[in-house]
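Structure, as structure tokens:
The values are calculated or read from the model by the stated rules, or taken from the named source; none is laboratory data. Predicted model only: the values in this text are computed from it and were never measured. Cβ coordinates were reconstructed from backbone atoms using ideal geometry, including for glycine residues, and neighbour counts include every protein chain displayed. In case anyone asks, the SASA skips ligands and DNA or RNA and just uses the protein heavy atoms, side chains included. Shrake-Rupley method; radii C 1.70, N 1.55, O 1.52, S 1.80 Å.
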Amino acid sequence: MTFTLNPRIRAVLEAAYGLRVGRTRRVWAGTQTDNLRAELADGTSCFVKIYRTGADLAYERQILEATLQLARAGVPTTMLVPTTGGGRMHVEADLALSVWLWTDATSPKVLNLRQAATLGRASARLHNVLDGLAAQRLPVSAERCRTTLAAQAQARCEHLLDLISARVYTDRTDQANVARLRQRITDLDHVGRLQDGLAPLRLRPAHGDLVTPNTLFIGDDLSAIIDLRLQHADRGRELGRMAFDPHTVAHCDNWQQIALAAVAAYLTAGGPATGDEVRGCARLALLHALLSTYGVEERYVAPRPARIQKSLDRYWADRHLFTRRLLQHLPQIEQQLAGLAGLCSHGAAAVTGAAR
């Protein structure tokens with residue numbers, strides 16, 4: 001799908017949705033779809049998701065239905081716009097799209113304490129709603145951070161170092177990435193020990209990508225959790241990635257307090273994660289990051305459009321600081337998480353008190 005088809009998309013929005021479109025422009029965000037903002041004649045706007053060729057549309061329809069269930073249960077989401085015939089999605093020969101009301105909310109660059117607590121409470125409600133989908137046939141996450149060998153990740157890092165050394169011209173980003181990749185190879189020595197300390201895997205329905213870029217805030221108020229990638233997955237890893245945001249860990253001196261506030265709020269709100277999942281959530285987030293080269297690999301193997309790649313470069317740089325800080329402080333963090341996990345069965349007041 002290319003954006004030379006904008007006139008066709010305009011025609012679809014008008015014919016299938018009854019929308020009078022002023023202009024459309026690309027939204028440089030997201031990895032699963034191509035996205036547009038359609039400005040309407042009445043002064044409002046819509047967000048248009050264009051599904052890429054080969055997308056599993058049956059799965060995408062499941063996501064749309066689940067999003068509606070979440071909204072009905074009070075989980076903040078963006079609002080789906082139906083077709084004139086009441087459909088969730090418009091599909092024709094080589095084009096499939098969904099339309100959502102535009103929101104001027106934005107993803108925070110870092111989480112503050114109030115935002116983290118708000119997100120923790122919303123995540124608890126989200127997981128409780130998704131528990132009602134446990135019988136559905138969903139993709140199953142391979143949870144590779146539990147089983148990937150350090151040597152496999154090291155080989156990827158060494159391959160990237162070879163690609164950088166082969167470049168005719170290098171810039172400061174390349175030079176910084178060399179240092180980060182070499183440090184990552186050293187840090188991979190911790191992987192086996194970290195994996196050995198994990199509780200057994202428990203699969204439950206999960207958002208699938210519950211990270212800060214997939215949240216929209218207006219000030220400290222959560223406007224929406226977006227980009228549901230519904231799957232059976234490790235709730236502990238999902239909880240850890242939600243609470244231990246790489247940008248926040250990299251740039252905030254009180255990142256530990258922020259992360260623990262998110263977990264405490266999740267438990268206070270009745271989040272269904274088990275004690276083992278709470279105790280292991282930071283370790284799982286760390287393993288997920290240590291074994292991933294997302295961001296830097298795209299730069300040297302399959303570069304994205306410049307605006308997207310710039311964001312990926314920033315994410316990789318922050319994730320590097322995230323792994324370094326979490327490795328250093330993991331013992332004390334896990335001690336605090338164990339306190340939360342031990343107290344959560346004694347009521348919300350105990351959990352809140354333990355997080356202070």
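Could you please find all residues in segment 83-98 being loosely packed, with under 15 Cβ neighbours inside 10 Å and assigned to a loop (DSSP other than H, G, I, E, B)?
T84, G85, G86, G87, A93, D94
Do you know which residues across segment 98-142 are of a type in the set (A, V, I, L, M, F, W, C) and in contact with a Pro (Cβ under 7 Å, 6 or more places away or on another chain)?
Across segment 98-142, the qualifying residues are A122, L130, L133, A134, L138.
Scan segment 254-280 and report the pairs whose first residue is over 22 Å from L203 (Cα atoms) and whose second residue is open to solvent by less than 10 Å² (accessible area, probe 1.4 Å) and in a loop (DSSP other than H, G, I, E, B), with Cβ atoms within less than 7 Å and a gap of 6+ or a chain change.
Listed pairs, sorted by first residue: I258/L111; A259/F244.
Examine segment 117-127 for a residue that is touching a residue at least 24 places away in the same chain (Cβ under 8 Å), open to solvent by less than 50 Å² (accessible area, probe 1.4 Å), at positive phi and of a type outside the set (K, R), and state whether such a residue exists.
The answer is no, given that none of the residues of segment 117-127 is touching a residue at least 24 places away in the same chain (Cβ under 8 Å), open to solvent by less than 50 Å² (accessible area, probe 1.4 Å), at positive phi and of a type outside the set (K, R).
Conditions tested, residue by residue: (1) surrounded by 15 or more Cβ atoms within 10 Å (Cβ to Cβ); (2) farther than 29 Å from V140 by Cα; (3) touching a residue at least 40 places away in the same chain (Cβ under 8 Å).
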site	(1), (2), (3)
A16	yes, yes, yes
G22	no, yes, no
R26	no, yes, no
R37	no, yes, yes
G54	no, no, no
L64	yes, no, no
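For a quick check of your reading of the model, give me the residue pairs whose first member lies in segment 211-231 and is under 11 Å from I63 (Cβ atoms), whose second is part of a loop (DSSP other than H, G, I, E, B) and among the small types (G, A, S), with beta-carbon atoms closer than 8 Å and at least 6 apart or on different chains.
D227/G30; L228/G208; R229/G208; L230/G208; Q231/S141; Q231/G208
Here is a check on your reading of the model: is A155 in a loop (DSSP other than H, G, I, E, B) and under 30 Å from R229 (Cα atoms)?
So A155 does not fit the description; no.
Working carefully through the options S98, S107, find the one that is polar (S, T, N, Q), touching a residue at least 60 places away in the same chain (Cβ under 8 Å) and either in contact with a Cys (Cβ under 7 Å, 6 or more places away or on another chain) or under 26 Å from Q309 (Cα atoms) (or both).
S107
Pick from L194, L201: which is open to solvent by 70 Å² or more (accessible area, probe 1.4 Å) and hydrophobic (A, V, I, L, M, F, W, C)?
So the residue among L194, L201 that is open to solvent by 70 Å² or more (accessible area, probe 1.4 Å) and hydrophobic (A, V, I, L, M, F, W, C) is L201.
Taking helices (runs of 4 or more DSSP H) that do not extend beyond segment 269-352, which have at least 1 residues that are over 22 Å from W28 (Cβ atoms), open to solvent by 30 Å² or more (accessible area, probe 1.4 Å) and at pLDDT below 95?
Result: 306-343.
Could you please tell me which pairs satisfy a Cβ distance under 7 Å, a separation of 6+ or placement on different chains, a first residue in segment 163-187 that is open to solvent by less than 30 Å² (accessible area, probe 1.4 Å), and a second residue that is of a type in the set (D, E, K, R) and not in a loop (DSSP other than H, G, I, E, B)?
Listed pairs, sorted by first residue: I164/D174.
Here are some conditions: (1) open to solvent by 50 Å² or more (accessible area, probe 1.4 Å); (2) at pLDDT below 95; (3) assigned to a loop (DSSP other than H, G, I, E, B). L138 meets all but one. Which one does it not meet?
(1)
Only one of these is closer than 23 Å to L210 by Cβ, part of a helix (DSSP H, G or I) and in contact with a helix residue (DSSP H, G or I) (Cβ under 6 Å, 6 or more places away or on another chain): L64, L70. Name it.
L70
Within segment 141-173, track down each residue that is at pLDDT below 95 and among the β-branched types (V, I, T).
Once the filter is applied, which keeps residues that are at pLDDT below 95 and among the β-branched types (V, I, T), segment 141-173 yields V168, T170.
Looking at (1) modelled with pLDDT of 95 or more; (2) open to solvent by 20 Å² or more (accessible area, probe 1.4 Å); (3) closer than 26 Å to L222 by Cβ, which is the only condition Q69 fails?
Q69 satisfies all of (1) modelled with pLDDT of 95 or more; (2) open to solvent by 20 Å² or more (accessible area, probe 1.4 Å); (3) closer than 26 Å to L222 by Cβ except (1).
Given the criteria within 19 Å of I225 (Cα to Cα) and either part of a strand (DSSP E or B) or at pLDDT below 95 (or both), does L5 qualify?
No, not satisfied.
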